[in-house]
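Heads up: the structure comes next, in structure tokens.
The values are calculated or read from the model by the stated rules, or taken from the named source; none is laboratory data. A quick note: this is a predicted structure, and the numbers were derived from the prediction, not measured. All Cβ positions, even for glycine, are placed from backbone atoms using ideal geometry, and neighbour counts span all protein chains on display.
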Amino acid sequence: MDYKTNKNKPAVFSGVQPSGVLHLGNYLGALKQWVEMQEQYNCIFCVVDYHAITVKQEPKQLSRRILDVVRTYLAAGIHPAKAVIFQQSAISAHTELAWILNCAAARLSDLNKMTQFKDKSAKKESVSVGLYDYPVLMAADILLYNTDAVPVGEDQVQHVELTRTLAQRFNRQYGQVFKIPEVVISEQGARIMGLDDPAKKMSKSAASPANYIALTDTPEVATKKIRRAVTDSGSEIKYDLKNKPAIANLMVIYSLLTNISLKEIEKNYQGQGYGEFKKDLAEAVKKFLVEFQIKYNSFTDDEVRQILKHGAEKVRPLAEETLKTVKNKLGIN
Ligand code: ATP
Ligand code: LTN
């Protein structure tokens, strides 16, 4: 069933790792959609700290970043009265279900196909088993809450497809338990590319900060990054993904921040060069960052902890119910 035609308010689940500074790609690819969805759906947004520890984290920094991801959600416009926000590690059913799925549904042949693991493990001397198993924990996150829809950036589509496969395989073997979730990706912002290289996605784990605009960058720093962002040959402002990937990427960012369509942007900048367009883009980014950061800095750690506590209390019974059903099916009760 299409999640939009589900008669009951459909359930939406997504998450972000507290593993680094969040950037415009995270906002435009994921958070912006979440904010729109919270009005119509039962939304649950998680801070996936157990995913973050699949690579080494400095403990003090991790504690800080968990709170900062929540502040990012709030500043983006997620409202705790409309959507539930919680921390993954607070609900032990996530890791329990992940273990069960490891045994009862996931196969090495599934995980061997995951491109993110290949990318993230390439050229690393030491790679944790957790990094390999990461998509199974993500499947557990989603399946615990009878999720209809999972709004994510394009890089996560393969993981949601795996979630569907695991759910179907479990249901076939043990009887109907899991709902089969659908992936939702933003029409335009699903893959924001790096400012320093339009062939690679904007990523917080990029080698250089020139790759991304962090949501916590000062407007001055962001303006500098935009000024230095790579452009294509020629000088025309034209949306041509194949021949002008760098300008196309900047146009998408501008369009999503201002609600001006790509066609209109092309029209508005006819006869003007990259410099003029970059100046306006920097203005739009500045406006966004200033508003975002005022909100981001307005929440205290205590407020954030309260939100996480209430969130966990709300989702715990749902997660425990699903886990109980699963255990019963397996004969573990
Ligand atoms: P990164 O590669 O930056 O370390 P990630 O994808 O590994 O990020 P998260 O930070 O947890 O991990 O991603 C949060 C959300 O942001 C996900 O839905 C992801 O698909 C989305 N996202 C990440 N980068 C981009 C991008 N460049 N464009 C659009 N969406 C993105
Ligand atoms: N793997 C995701 C984060 C994530 C997630 C989830 C997203 C963990 N569990 C469940 C959606 C639903 C990423 O963005 N890197």
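In segment 19-44, which residue that is in a loop (DSSP other than H, G, I, E, B) and in contact with a strand residue (DSSP E or B) (Cβ under 6 Å, 6 or more places away or on another chain) is farthest from VAL152 (Cα to Cα)? Can you show your working first?
Going through segment 19-44, the residues in a loop (DSSP other than H, G, I, E, B) turn out to be 19-22, 38-41.
Now drop any that are not in contact with a strand residue (DSSP E or B) (Cβ under 6 Å, 6 or more places away or on another chain), which leaves 21, 38, 41.
Values: VAL21: 17, GLN38: 14, TYR41: 15 Å.
That would be VAL21.
Identify, please: which residue in segment 1-18 is assigned to a loop (DSSP other than H, G, I, E, B) and modelled with pLDDT of 95 or more and is, among those, nearest to the chain's Cα centre (by Cα)?
Only one residue tops the list, namely GLN17.
Any residue in segment 45-63 that is in contact with a strand residue (DSSP E or B) (Cβ under 9 Å, 6 or more places away or on another chain) and among the hydroxyl-bearing types (Ser, Thr, Tyr)?
Residues of segment 45-63 that are in contact with a strand residue (DSSP E or B) (Cβ under 9 Å, 6 or more places away or on another chain), as a first pass: 45-49, 51.
Next, only the ones that are among the hydroxyl-bearing types (Ser, Thr, Tyr) stay: none.
No, that holds for no residue.
For segment 61-103, name all the residues that are part of a helix (DSSP H, G or I) and among the aromatic types (Phe, Trp, Tyr).
Scanning segment 61-103 gives TYR73, TRP99.
Within the bounds of segment 101-115, is there any residue that is under 20 Å from GLU320 (Cα atoms), of a type in the set (Val, Ile, Thr) and within 16 Å of ligand 1 (Cβ to nearest atom)?
Taking every residue of segment 101-115 in turn, none turns out to be under 20 Å from GLU320 (Cα atoms), of a type in the set (Val, Ile, Thr) and within 16 Å of ligand 1 (Cβ to nearest atom).
Just to check your reading of the model, which residue among LYS329, LYS309, LYS267 is part of a helix (DSSP H, G or I), surrounded by fewer than 19 Cβ atoms within 10 Å (Cβ to Cβ), among the charged types (D, E, K, R) and in contact with a helix residue (DSSP H, G or I) (Cβ under 7 Å, 6 or more places away or on another chain)?
LYS329
Just need a number here: residues in segment 138-175 that are among the polar types (S, T, N, Q) and within 16 Å of ligand 1 (Cβ to nearest atom). So that I can check it myself, show each step before the final result.
Initially, segment 138-175 is screened for residues among the polar types (S, T, N, Q), giving 146-147, 156, 158, 163, 165, 168, 171, 173.
Within this subset, residues satisfying the condition of being within 16 Å of ligand 1 (Cβ to nearest atom) are 147, 156, 158, 163.
Final tally of qualifying residues: 4.
Being among the acidic types (Asp, Glu) and either at pLDDT below 95 or over 24 Å from the mean Cα position of the chain (by Cα) (or both), is that true of even one residue in segment 197-204?
Quick first cut of segment 197-204, residues among the acidic types (Asp, Glu) only: 197.
In the following step, the residues that additionally are either at pLDDT below 95 or over 24 Å from the mean Cα position of the chain (by Cα) (or both) were identified as none.
Within segment 197-204, not a single residue is among the acidic types (Asp, Glu) and either at pLDDT below 95 or over 24 Å from the mean Cα position of the chain (by Cα) (or both).
Can you give me the number of residues within segment 277-312 that are of a type in the set (Asp, Glu) and closer than 15 Å to ILE85 by Cα?
3
Which of the residues spanning segment 104-118 are assigned to a helix (DSSP H, G or I) and within 12 Å of ligand 2 (Cβ to nearest atom)?
So in segment 104-118, the residues assigned to a helix (DSSP H, G or I) come out as 104, 108-111, 115-118.
Of everything in segment 104-118, those that are assigned to a helix (DSSP H, G or I) and within 12 Å of ligand 2 (Cβ to nearest atom) turn out to be GLN116, PHE117.
Only one of these is in contact with a Lys or Arg (Cβ under 9 Å, 6 or more places away or on another chain) and of a type in the set (Ser, Thr, Tyr): SER205, SER235, SER255. Name it. Working first, answer last.
On the way: SER235 fails: in contact with a Lys or Arg (Cβ under 9 Å, 6 or more places away or on another chain); SER255 fails: in contact with a Lys or Arg (Cβ under 9 Å, 6 or more places away or on another chain).
Among SER205, SER235, SER255, only SER205 is in contact with a Lys or Arg (Cβ under 9 Å, 6 or more places away or on another chain) and of a type in the set (Ser, Thr, Tyr).
How about segment 38-54: which of its residues are away from ligand 2 (no atom under 11 Å from the Cβ) and either hydroxyl-bearing (Ser, Thr, Tyr) or surrounded by fewer than 22 Cβ atoms within 10 Å (Cβ to Cβ) (or both)? Don't jump to the end; show me each part of the working.
So in segment 38-54, the residues away from ligand 2 (no atom under 11 Å from the Cβ) come out as 38-43, 53.
Of everything in segment 38-54, those that are away from ligand 2 (no atom under 11 Å from the Cβ) and either hydroxyl-bearing (Ser, Thr, Tyr) or surrounded by fewer than 22 Cβ atoms within 10 Å (Cβ to Cβ) (or both) turn out to be GLN38, GLU39, GLN40, TYR41, ASN42, ILE53.
Could you check segment 145-258 for helices (runs of 4 or more DSSP H) lying wholly inside it with 2 or more residues that are within 13 Å of ligand 2 (Cβ to nearest atom) and surrounded by fewer than 22 Cβ atoms within 10 Å (Cβ to Cβ)?
Because the criterion is at least 2 residues that are within 13 Å of ligand 2 (Cβ to nearest atom) and surrounded by fewer than 22 Cβ atoms within 10 Å (Cβ to Cβ), the helices (runs of 4 or more DSSP H) in segment 145-258 that meet it are 157-174.
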